[in-house]
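Input: a single structure, listed below in structure tokens.
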Amino acid sequence: MVVAIGTSTTDANQFRATVEFIGLQNYVRLFQDPAFLHALSNTVIIAALITVVPNALGLGIAILLDRAGWIFNALRAAFFVPIVLSSVVVSVTWGMILSDDGLLNSMLKNLGVADPPGWVSDPNLALYSIAGVICWQSLGVAVVLFLAGLQGIPRELLEAAEIDGAGRFARFRTVTWPLLAPVVTITVTLSLIGGFKVYDQVKVITNGGPGVGTTNTLAFDIVRYSVEAGQVGYGQAMATVMLAIIAFVSIFVLRALQRREVDL
């Protein structure tokens, strides 16, 4: 990290032998660069979506699967499969499914949709298609963590609430949800950090397109500037800003969520 911060204050370029100290010029350039601000906006959108959607769906699915029986065990295994797959493999597969002539549009045409959407070729849809792929792969993690949290809740507490006349929603609100707070803290924090580091899916599915930089994220631009364009100093300034944002958001969210955690 120290090396990265030091490099960000230079004009280091892998295609040039000399390196000069330029102070904060890279940071000034960053916040005047529309491409960086667009990548930051894309990153925030993806981070927000993959924090909210998989965790909300994961909690609902975990509640449905929190019971005994072979069919529920089989469903748990099915939701776990995407976790063990490489994000590159997942991206290649979904890239083919979502292409203009892919499986999804073929099914829509068979159902009578004459002009199906360009999931990864429409600039207005591509970013959300990438977020959808990441949500699909992240869902299993949320399901597994929420299931573990649900199974750690003492049944006596739920039974006592039921004896007191609490319905299902009241038992969830007064017993289950407060005791799931530590799991929520973990899943939300991990999702946020993962959202700010999205690279593989963008590189494989759209390579930053369609068009110029439509789906660029911070991690994608860091690699693009540091490795492909050779602007190491500028790329490291971008990486330093991304690290600062992740640290600030993580600490803020951790403190906010830990306030609602309760001890048994």
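The values are calculated or read from the model by the stated rules, or taken from the named source; none is laboratory data. As the structure is a computational prediction, the values presented were derived from the model and not from experiment. Glycine also receives a Cβ, built like all others from the backbone with ideal geometry; neighbour counts cover every protein chain displayed. Only protein heavy atoms, including side chains, enter the accessible area calculation; ligands, DNA and RNA are left aside. Shrake-Rupley method; radii C 1.70, N 1.55, O 1.52, S 1.80 Å.
Summing +1 for each Lys or Arg and -1 for each Asp or Glu, what net charge is found among the other residues whose Cβ lies under 14 Å from the Cβ of residue 100?
Values: positive: 109; negative: 101, 115, 122.
Every neighbour counted, the sum reads -2.
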Exercise for the section: Note the per residue figure in Å³ for the convex hull of the C-alpha positions in region 184-250. Expected result: 86 Å³
Fill in the blank from the handout: The summed charge of the residue 87 Cβ neighbourhood (under 14 Å; Lys/Arg +1, Asp/Glu -1) stands at +1
Problem - Calculated [θ] (222 nm, deg cm²/dmol) that DSSP helices of n ≥ 4 give over the chain, each run adding -39,500 (n - 2.57) - result: -21000 deg cm²/dmol
Problem - Given charges at beta-carbon only (K, R positive; D, E negative), |dipole| of region 66-146 in Debye - result: 360 debye
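Span-like helices, the chain: DSSP H, alpha-carbon axial extent 18 Å or more, mean Kyte-Doolittle 0.5 or greater, which ones? Could the numbers behind the result be given before it?
Working: long enough: 34-65 (45 Å, 1.84); 70-84 (21 Å, 1.63); 126-151 (38 Å, 1.74); 181-196 (23 Å, 1.78); 232-258 (38 Å, 1.67).
TM-like helix candidates: 34-65, 70-84, 126-151, 181-196, 232-258.
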Completion exercise
With every protein chain in place, the accessible area of residue 101 for a 1.4 Å probe, in Å² rounded to the nearest 10, comes to 130 Å²
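From the Cα trace of the chain, what convex hull volume per residue do you get, rounded to a whole Å³? Numbers along the way, then the final one.
Details: hull volume 43.2 nm³, N = 264.
Convex hull of Cα atoms, per residue: 164 Å³.
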Handout entry: the chain, accessible area per residue, ligands and nucleic acids excluded (1.4 Å, Å²)
Key = 54 Å²
Completion exercise
Taking the alpha-carbon centre of each part, the distance from region 165-204 to region 80-139 in Å is 24 Å
Problem - Debye, to nearest 20: dipole size of region 1-97, +1 on Lys, Arg Cβ, -1 on Asp, Glu Cβ - result: 280 debye
Completion exercise
Cβ-Cβ cut-off under 15 Å around residue 113, Lys and Arg +1, Asp and Glu -1: the net charge is -3
Exercise for the section: About the Cα centre of region 105-239, how large is the charge dipole given +1 on each Lys and Arg Cβ and -1 on each Asp and Glu Cβ? Please answer in debye to the nearest 20. Expected result: 40 debye
Handout entry: Mean Cβ neighbour count within 10 Å, used as a protection proxy, ranking 81-90, 53-62, 234-243 highest first
Key = 234-243, 53-62, 81-90
